[in-house]
1. Out of the residues in region 3-42 that are among the aliphatic types (A, V, I, L, M) and part of a loop (DSSP other than H, G, I, E, B), state the one that is modelled with the highest pLDDT.
2. Return yes or no: is Asp71 out of contact with any Ser or Thr (no Cβ under 6 Å at 6 or more places or on another chain) and part of a loop (DSSP other than H, G, I, E, B)?
3. Please find, within region 46-103, the residue that is least open to solvent (accessible area, probe 1.4 Å) out of those that are closer than 17 Å to Gln32 by Cβ and among the aromatic types (Phe, Trp, Tyr).
4. If I go through region 12-56 residue by residue, how many of them are charged (D, E, K, R) and touching a residue at least 24 places away in the same chain (Cβ under 8 Å)?
5. Tell me yes or no: at least one residue of region 60-74 is at pLDDT below 90 and among the aromatic types (Phe, Trp, Tyr).
Amino acid sequence: PLSPAGAQTTQLLVEPPWIPPVLWDRVTLTCQGSGAAGATTWYKDGQRWGQAGVNNFTVTESGTYTCDRPDSGLSPSVRVSDDELVLQVPAQLLLEGDTVTLRCRG
């Protein structure tokens, strides 16, 4: 993705692609950005976390995750919850007038 200034930005991809992600869904996070994947740094709840250089992983703890790639910066954060009941929307760009499927899960 390109930012308005035209610079590459770091993204945090969620699989399965539903927001908010929930722990019991076996969520995988992938850091996507420019530069070497081996240079990825992960943060959980604002603290450096996990193994440096791992580009994706399956989440085992609830919390707020971000990743950093040297050439494209810090990603937006993703909060993975362990809530028992959630209303989810697709993890994609939605525009006014789009039809959207919501999921109520518990």
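The values are calculated or read from the model by the stated rules, or taken from the named source; none is laboratory data. Given the structure is predicted, the values throughout are model-derived calculations rather than measurements. Quick reminder, even Gly has a Cβ in these numbers, built from the backbone with ideal geometry, and neighbours come from all protein chains shown. Each accessible area value is taken on the protein alone, full model and side chains, heavy atoms only, with ligands, DNA and RNA left out. Shrake-Rupley method; radii C 1.70, N 1.55, O 1.52, S 1.80 Å.
1. Here is the first cut: in region 3-42, the residues among the aliphatic types (A, V, I, L, M) are 5, 7, 12-14, 19, 22-23, 27, 29, 36-37, 39.
Those left that are additionally part of a loop (DSSP other than H, G, I, E, B): 5, 7, 27, 36.
On the way: Ala5: 49, Ala7: 54, Val27: 95, Ala36: 70.
The selected residue is Val27.
2. The answer is no for Asp71.
3. Among them, the one singled out is Tyr65.
4. Looking only at region 12-56, we keep the residues that are charged (D, E, K, R), and these are 15, 25-26, 44-45, 48.
Keeping just the survivors that are touching a residue at least 24 places away in the same chain (Cβ under 8 Å) gives 26.
Summing the residues that are charged (D, E, K, R) and touching a residue at least 24 places away in the same chain (Cβ under 8 Å) in region 12-56 gives 1.
5. no
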